[in-house]
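The block underneath contains the structure these notes are about, expressed in structure tokens.
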Amino acid sequence: MKIFHLTLAIAGILVLSACARQPETLATTRGSRDIAPVAGQKNPAIQYGGGDGLSMATAVVILHAKGEDDGVRAEYNWIAIHHPDWKTRGQALLQGKTGIYDQIICVKPDGKTVNVFFEISGFFGKY
């Protein structure tokens, strides 16, 4: 009986943690973080498509991400590879006309703010 209660408690925790990651977080800013190049992608199948990411229309597309953790890691890796001197200052989830996007707010060495967009429909909501 104790195993049943433990299993039930773990299931409840998992449900609550999944609910905490619902799309109500649209257009919220997550904390700041410096970008450090990562030695290797945990998912070597990750590929990048799309454009330069400077608008929703030219958003970078993350291909072959297994889930959100994999996809978000790939976003930060893309920035570290293409703009190693930029620092991140926030992140927002946006609903566009053609998909769901992560907007990562970056600061260039000259202090100017730049938004980088990633089309994330392929992995959003997958764990």
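List of remarks:
- Filter result (closer than 18 Å to Gly50 by Cα and surrounded by 15 or more Cβ atoms within 10 Å (Cβ to Cβ)) within the stretch 71-92: Gly71, Val72, Arg73, Ala74, Glu75, Tyr76, Asn77, Trp78, Ile79, Ala80, His83
- Among residues of the stretch 103-124 that are closer than 12 Å to Gln91 by Cα, those with a Cβ under 8 angstrom from a residue that is acidic (Asp, Glu) and assigned to a strand (DSSP E or B), sequence gap 6+ or separate chain, pair up as Phe117/Asp102; Phe118/Asp102.
- Screening the stretch 93-116 for residues that are within 10 Å of the chain's Cα centre (by Cα) and under 12 Å from Met56 (Cβ atoms) and picking the one that is surrounded by the most Cβ atoms within 10 Å (Cβ to Cβ) gives Asp102.
- Matching residues in the stretch 26-75 - criterion: being at pLDDT below 85 and touching a Gly at 6+ places or on another chain (Cβ under 8 Å): Thr29, Arg30, Gly31, Ser32
The values are calculated or read from the model by the stated rules, or taken from the named source; none is laboratory data. Quick caveat: nothing in here was measured; it's all calculated off a predicted structure. Quick reminder, even Gly has a Cβ in these numbers, built from the backbone with ideal geometry, and neighbours come from all protein chains shown.
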